[in-house]
Amino acid sequence: MAREMDYEEVKPVEEDSQEHTPPNDGESSLPFGGMLSIGDRRDSLVGSIIDWIARAIIEGRLQPGDDLNSVDLAHRFNTSRAPVREALILLEQEGLVEIQARRRPRVATMSIHQVRELYQVRAALHALVAELIVTNASDEEIASLHEPYQLMKDAASRGDLNAYFWANVALHKRATEICGNTTVKQMLDSLGLRTLQMRHFSLSQPQRVEQSLADHERLLRAYGERDANLAAALMRANIMGAFAAIERSGWTGTYALPPL
């Protein structure tokens with residue numbers, strides 16, 4: 001049965017002067033690489049719509065519970081509503097969008113219990129990635145992590161949260177590529193785009209960018225020293241520290257960026 005998404009008396013999304021285009025990983029025009037299974041749609045109109053909506057949700061310009069106006073989105077991309085519907089259905093599969101029969105599609109919500117479970121899984125998998133990097137990665141591969149780390153430092157120095165976030169995403173994406181275990185990479189990719197939404201929110205909390213930067217400096221040093229136990233412990237502590245920041249925020253499913 002076709003989904004009904006015909007109720008459109010909703011507010012349009014406002015433009016955000018801090019919107020940033022994430023680094024292009026060379027795989028497609030989309031920033032999410034293997035995290036989103038959209039097949040041959042990657043460079044299509046549907047892919048562009050997915051990219052715009054997903055980044056708006058991840059970066060907090062669209063809030064959990066916000067209605068998604070398919071008419072406004074169709075106007076934005078100068079298209080019919082059919083590609084918009086397709087994009088929304090694909091984003092529903094990733095957990096970013098909720099679509100119910102005879103209800104407006106909206107940005108999905110996530111309980112603190114769901115967030116905790118997600119971060120526990122991420123902490124375990126990324127700790128394994130850290131161990132594998134020490135064991136498997138070459139010196140040159142480890143050195144390749146310093147480029148996104150430098151981008152993180154530059155973004156932090158100018159107070160650019162979105163740029164810091166996407167550089168952080170690039171660093172961890174590269175880490176999964178050099179760890180030498182495709183199954184672990186696929187498992188992390190399968191967690192989907194909801195991880196990006198919560199990671200961005202965590203970094204928006206007070207002092208989290210500074211703490212994150214310091215954590216990653218220590219992590220890169222542990223890689224260079226080939227200390228697998230330390231690298232794994234640092235990675236696990238970094239991710240669970242990020243969850244603790246979400247928990248302290250009193251997360252109720254509403255994403256409100258603090259003032260800069």
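Looking across Glu86, Glu147, Glu140, one residue alone is surrounded by fewer than 18 Cβ atoms within 10 Å (Cβ to Cβ), of a type in the set (D, E, K, R) and within 28 Å of Phe243 (Cβ to Cβ). It is Glu147.
Given the residues Ala242, Ala232, Ala214, which is the only one that is surrounded by fewer than 17 Cβ atoms within 10 Å (Cβ to Cβ), at pLDDT 95 or above and in the same structural domain as Ile142 (by TED's automatic domain parsing)?
Details: Ala242 fails: surrounded by fewer than 17 Cβ atoms within 10 Å (Cβ to Cβ); Ala232 fails: surrounded by fewer than 17 Cβ atoms within 10 Å (Cβ to Cβ).
Being surrounded by fewer than 17 Cβ atoms within 10 Å (Cβ to Cβ), at pLDDT 95 or above and in the same structural domain as Ile142 (by TED's automatic domain parsing) holds for just one of Ala242, Ala232, Ala214, which is Ala214.
Annotation note: Cβ proximity below 9 Å between a residue of the range 171-191 that is β-branched (Val, Ile, Thr) and a residue that is not in a helix (DSSP H, G or I) (sequence gap 6+ or interchain) occurs for Ile178/Ala137; Ile178/Ser138; Ile178/Ser144; Ile178/Leu145.
Only residues that are closer than 18 Å to Ser202 by Cβ and loosely packed, with under 15 Cβ neighbours inside 10 Å: list them for the range 156-165, please. Of everything in the range 156-165, just one residue is closer than 18 Å to Ser202 by Cβ and loosely packed, with under 15 Cβ neighbours inside 10 Å, namely Gly159.
Look at (1) within 18 Å of the chain's Cα centre (by Cα); (2) within 16 Å of Asp227 (Cα to Cα) and you find that Phe165 fails only one, number (2). When the range 88-146 is filtered for residues that are in a loop (DSSP other than H, G, I, E, B) and polar (S, T, N, Q), the ones remaining, listed by number, are Gln100, Thr109, Ser111, Ser138, Ser144. The number of residues in the range 125-155 that are in contact with a Lys or Arg (Cβ under 8 Å, 6 or more places away or on another chain), among the small types (Gly, Ala, Ser) and within 22 Å of Ser204 (Cβ to Cβ) comes to 0.
The values are calculated or read from the model by the stated rules, or taken from the named source; none is laboratory data. Computed from a prediction, not measured in an experiment: that's the story for all the values here. Glycine gets a Cβ as well: all are built from the backbone with ideal geometry, and neighbour counts include every protein chain shown.
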